[in-house]
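Here is the structure we will look at, set down as structure tokens.
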Amino acid sequence: MRDLSLHLLDLAQNSITAGAALVTIRISLDDSGMLTMELIDDGKGMSPELLERVTSPFATTRTTRKVGLGIPMMKENAEKAGGTFLLESEEGKGTRLKATMDTRNIDCLPLGDLGGTLLSLMLTNPLSPDFLFEGKTPKGECSFDTREVRAALGSEIPFNEPSVAAWLKEALEEEMNPIFGGVML
Amino acid sequence: MKSLADLEAIRARTLENINMRKDEDACRVVIGMATCGIAAGARPVMLAFMDEIAKRNLKHVTVSQTGCIGMCRYEPMLDVILPGQEKVTYIHVKPEMVPRIVSEHIVNGHPVVEYTIGAAND
């Protein structure tokens, strides 16, 4: 993966597959340069056995092949960048993934196009689940909640309708760019 | 400034379109967006399709995603499925290729053969 926003797009898919109704994404950068990325869902969660195996590249829930690289690659990239990786899960409740990285570390991946990742998630999951994004950097805070969008738009109109997609794209840019634009690498 | 109030107007306009649309002339674009597809660059391709579809105001085209189909070396891959035609699989797709796929294949019905998996195997 070239950047963290792509990791996020990949990992969020696990939450969607787990049947989450709400996927919460939190990204914060503190003054010392530590970046924290959290992905929290209310999906079906993992058993303690699966949770233990899932950071191995040879664990996957899919049946077509024996490898799954999304989680192990994220773990490697976090630890390589002087950070930590934590995965907590409870069956029936949901899963929480937390990765930290030191942005001053030369091996820290750039954040990448966070708005593009959020837009992709919304367009490829046009009717559900909902996404809540909360971002925080030294420049300020921003948030985006698709539950608010759906309340105004009506739940029967999918996000991949071109006019809705165009609105989402601009709204995301307006919300995210002042906080994340130019902040990172 | 984008406001939630804009969505009311979009809602009124869109509901009519949705009701008028017929399933039989629907065209589907299915993009591989598993770990392999994303790592190879599927996200900008997907967003390029959304842009192109909005630009041309194509109401009968839906873009969706699928997982890994086991040919990771060909990613980013996508299928274009036109009604009454065999699906066409494009491989190593870059955002720059999207306008041509939309205009030649989706709008005019002629697959861009040089971008397809068939061309790579010849």
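The values are calculated or read from the model by the stated rules, or taken from the named source; none is laboratory data. For clarity, every value in this text was computed on a predicted model and none was experimentally measured. Every residue, glycine among them, receives a Cβ derived from its backbone with ideal geometry; neighbour counts consider all protein chains shown.
Among residues belonging to segment B:3-16 that are of a type in the set (D, E, K, R) and surrounded by fewer than 16 Cβ atoms within 10 Å (Cβ to Cβ), point out the one that is modelled with the highest pLDDT. Break it down stepwise before answering.
Looking only at segment B:3-16, we keep the residues that are of a type in the set (D, E, K, R), and these are B:6, B:8, B:11, B:13, B:16.
So of that shortlist, the ones also surrounded by fewer than 16 Cβ atoms within 10 Å (Cβ to Cβ) come out as B:8, B:13, B:16.
Details: B:8: 88, B:13: 84, B:16: 77.
The residue in question is B:8.
Counting only residues that are within 16 Å of residue A:13 (Cα to Cα) and touching a Ser or Thr at 6+ places or on another chain (Cβ under 8 Å), segment A:69-88 holds 6 of them.
One line per residue, one yes/no per condition, for (1) farther than 28 Å from residue A:128 by Cα; (2) touching a strand residue (DSSP E or B) at 6+ places or on another chain (Cβ under 6 Å); (3) among the aromatic types (Phe, Trp, Tyr); (4) free of Cβ contacts under 8 Å to residues at least 40 places away in the same chain:
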position	(1), (2), (3), (4)
A:46	no, yes, no, no
A:56	yes, no, no, yes
A:59	no, no, no, yes
A:91	no, no, no, no
A:101	yes, yes, no, no
A:104	yes, no, no, no
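Quick check on my filter: what residues within segment A:130-180 are facing another protein chain (nearest Cβ under 7 Å), closer than 23 Å to residue B:43 by Cα and buried (at least 17 other Cβ atoms within 10 Å of the Cβ)? Within segment A:130-180, A:149, A:157, A:160, A:161, A:162, A:163, A:164, A:165, A:167, A:171 qualify.
Scoring residue A:118 on the criteria (1) in contact (Cβ under 8 Å) with a residue 60 or more places away in the chain; (2) within 10 Å of chain B (Cβ to nearest Cβ); (3) assigned to a helix (DSSP H, G or I); (4) of a type outside the set (S, T, N, Q) leaves a single failure, condition (2). Being within 21 Å of residue A:16 (Cα to Cα), at the interface with chain A (Cβ under 10 Å from one of its Cβ atoms), modelled with pLDDT of 90 or more and assigned to a loop (DSSP other than H, G, I, E, B) is a condition met by at least one residue of segment B:19-34.
Filter segment A:24-55 down to residues that are among the hydroxyl-bearing types (Ser, Thr, Tyr) and over 20 Å from the mean Cα position of the chain (by Cα) and give me whichever is nearest to residue A:77 (Cα to Cα).
Filtering segment A:24-55 for residues among the hydroxyl-bearing types (Ser, Thr, Tyr) gives A:24, A:28, A:32, A:36, A:47, A:55.
Pick out the ones that are also over 20 Å from the mean Cα position of the chain (by Cα) and you get A:32, A:47.
Details: A:32: 19, A:47: 25 Å.
Filtering first and then ranking leaves A:32.
Looking across segment B:38-60, the residues that are buried (at least 19 other Cβ atoms within 10 Å of the Cβ), more than 9 Å from every other protein chain (Cβ to nearest Cβ) and in contact with a strand residue (DSSP E or B) (Cβ under 8 Å, 6 or more places away or on another chain) come down to B:45, B:49. Checked against the criterion of being in contact with a helix residue (DSSP H, G or I) (Cβ under 7 Å, 6 or more places away or on another chain), surrounded by 20 or more Cβ atoms within 10 Å (Cβ to Cβ), farther than 18 Å from residue A:137 by Cβ and at pLDDT 95 or above, segment A:96-118 contains one or more residues that satisfy it. Within segment B:69-87, how many residues turn out to be on the phi > 0 side of the Ramachandran plot and either at pLDDT 90 or above or not in a loop (DSSP other than H, G, I, E, B) (or both)? Total meeting the criteria: 0.
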